[in-house]
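Before I ask anything, let me first share the structure, which is written out below as structure tokens.
The values are calculated or read from the model by the stated rules, or taken from the named source; none is laboratory data. Given the structure is predicted, the values throughout are model-derived calculations rather than measurements. Neighbour counts run over all protein chains shown; Cβ positions are idealised from the backbone, glycine included.
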Amino acid sequence: MAARRLQRDPLDTLRITRQQALALAQEKGVAKMRKQLMQAQRELNLRLQSAIQGPGEDSFTAHQIRVALEQVRATLAIVKGGMRKTTLETGKLAAEDASTQAVRYIAESQAKYVGIGQKLGFRESRVLDRAIVGTESSLLNRLQGDPKAGPGILDRYGDNVIRRFEERLQQRFIQKKPWNDVRNELIAESPFLQQAPGYWAERIVRTEVMGAHNRANWETMRAVNDEVGEMLKILSATFDSRTASDSYAVHGQIRRVNEAFEDWYHMYQHPPNRPNDREVVVPHRMNWPIPPNLAWRSDSEVSAKWAEEGRKGSPPPRPRMTTVPLERIGAVESRVSTDD
């Protein structure tokens, strides 16, 4: 009988679900954030304008600076509260979908590479529950921060906005600048106050939701590994006109589930390792052969892409591509079953 083959490459399923998670972040998070930020922008402009009306251009006091900064903090707190809720809700949906698809991919790949009679003995419900709980905990910690690790993502961004306001207001006090000049400088330097105030919120929501999607995928691999062992993870880039040379360099990188990937600049357990990162992590067992679509790109391809981007010289040394000897991968029970 002909070898059993899947109608669709399982890797395509992982990429499609990642695109769906991105669309989910766009649909559920960005529109709501933009509306909130537009309102916050209007309120903040009015409050600042009111706060900087002193008895004269040269009589602005430290007290009035503190009043203006507190108004900035109050407005940011409103925005961050909405962002936290939206990101957590959307991230949970993305995590649930990612976990389900990862379990399906592992089951289908086991049947494809080993045979339909060789199912992996793990409890799907336990794996999914553990993956989603781990993802929610991680996402909440990233947003809220930890007393030992420092403030969360939203607080760090808020502190950055306030610091810029503070610097400009202090300079106004020292230089006795007209208030219109100070106000224009504040707006010019802050995406929060510019004509597209949803930009920074959109970027945070999209990046964090995709982080939750990939975190759930990784947590699923860890849970399966604890039950059946021999799980690996392989990094897969998406190749099109937007793919950068660093993605060419890491495509196909192999790690055990708790080992970090590495590129030219970072070490990370799973994407995204930067905003708008489109890589995905593919679950893989030690006894499965590596499929052709996860084969490493050649050094010459990496160098060609590097040159195409207009970079001078040679690219950095290739990151370590595997921590597992290649001869061990696919060496046991790796042939596709010839039974129905």
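Can you name the residue in the range 223-256 that is free of Cβ contacts under 8 Å to residues at least 40 places away in the same chain and not hydroxyl-bearing (S, T, Y) and is also surrounded by the fewest Cβ atoms within 10 Å (Cβ to Cβ) among such residues?
D240
Scan the range 137-155 and tell me whether some residue there is part of a helix (DSSP H, G or I), without any contact (Cβ under 8 Å) to a residue 60 or more places away in the chain and in contact with a strand residue (DSSP E or B) (Cβ under 9 Å, 6 or more places away or on another chain).
Checked the range 137-155: at least one residue is part of a helix (DSSP H, G or I), without any contact (Cβ under 8 Å) to a residue 60 or more places away in the chain and in contact with a strand residue (DSSP E or B) (Cβ under 9 Å, 6 or more places away or on another chain).
Continuing with the same structure: Tally up the residues in the range 257-267 that are loosely packed, with under 14 Cβ neighbours inside 10 Å, in contact (Cβ under 8 Å) with a residue 40 or more places away in the chain and within 17 Å of the chain's Cα centre (by Cα), please.
Of the residues in the range 257-267, 0 are loosely packed, with under 14 Cβ neighbours inside 10 Å, in contact (Cβ under 8 Å) with a residue 40 or more places away in the chain and within 17 Å of the chain's Cα centre (by Cα).
Can you tell which of G121, G82, G56 is modelled with pLDDT under 70 and among the small types (G, A, S)?
G56
Name every residue in the range 287-298 that is at pLDDT below 95 and either among the hydrophobic types (A, V, I, L, M, F, W, C) or part of a helix (DSSP H, G or I) (or both), in order of residue number.
Across the range 287-298, the qualifying residues are W288, I290, P292, N293, L294, A295.
Sticking with this structure for a sec: I need the full set of residues from the range 230-256 which are over 23 Å from K312 (Cβ atoms) and either under 17 Å from the mean Cα position of the chain (by Cα) or part of a strand (DSSP E or B) (or both), in order please.
Passing the criteria: M231, L232, K233, I234, L235, S236, A237, T238, I254, R255, R256.
So K119 passes all but one of these: (1) loosely packed, with under 15 Cβ neighbours inside 10 Å; (2) of a type in the set (D, E, K, R); (3) part of a helix (DSSP H, G or I). Which condition number does it fail?
Result: K119 fails condition (3) only.
Oh, and also: Say whether the condition of being within 23 Å of Y113 (Cβ to Cβ) and within 21 Å of the chain's Cα centre (by Cα) is met by at least one residue in the range 294-307.
no
Would you please name the residue that is modelled with the highest pLDDT, looking only at residues in the range 329-340 that are surrounded by 11 or more Cβ atoms within 10 Å (Cβ to Cβ) and of a type in the set (S, T, N, Q)?
Ranking the qualifying residues of the range 329-340, first place goes to S334.
Output the residues belonging to the range 292-328 that are in contact with a Ser or Thr (Cβ under 7 Å, 6 or more places away or on another chain), surrounded by fewer than 12 Cβ atoms within 10 Å (Cβ to Cβ) and hydroxyl-bearing (S, T, Y).
S314
Another question, if that's okay. Those residues that are closer than 13 Å to E124 by Cα and of a type outside the set (A, V, I, L, M, F, W, C), I need them from the range 95-110; list them, please.
Within the range 95-110, E96, S99, T100, Q101, R104, Y105 qualify.
Hey, another quick one. When you go through A23, A102, A74 one by one, which is the residue that is of a type in the set (A, V, I, L, M, F, W, C), in a helix (DSSP H, G or I), touching a helix residue (DSSP H, G or I) at 6+ places or on another chain (Cβ under 8 Å) and modelled with pLDDT of 70 or more?
Criteria check complete, one pass: A102.
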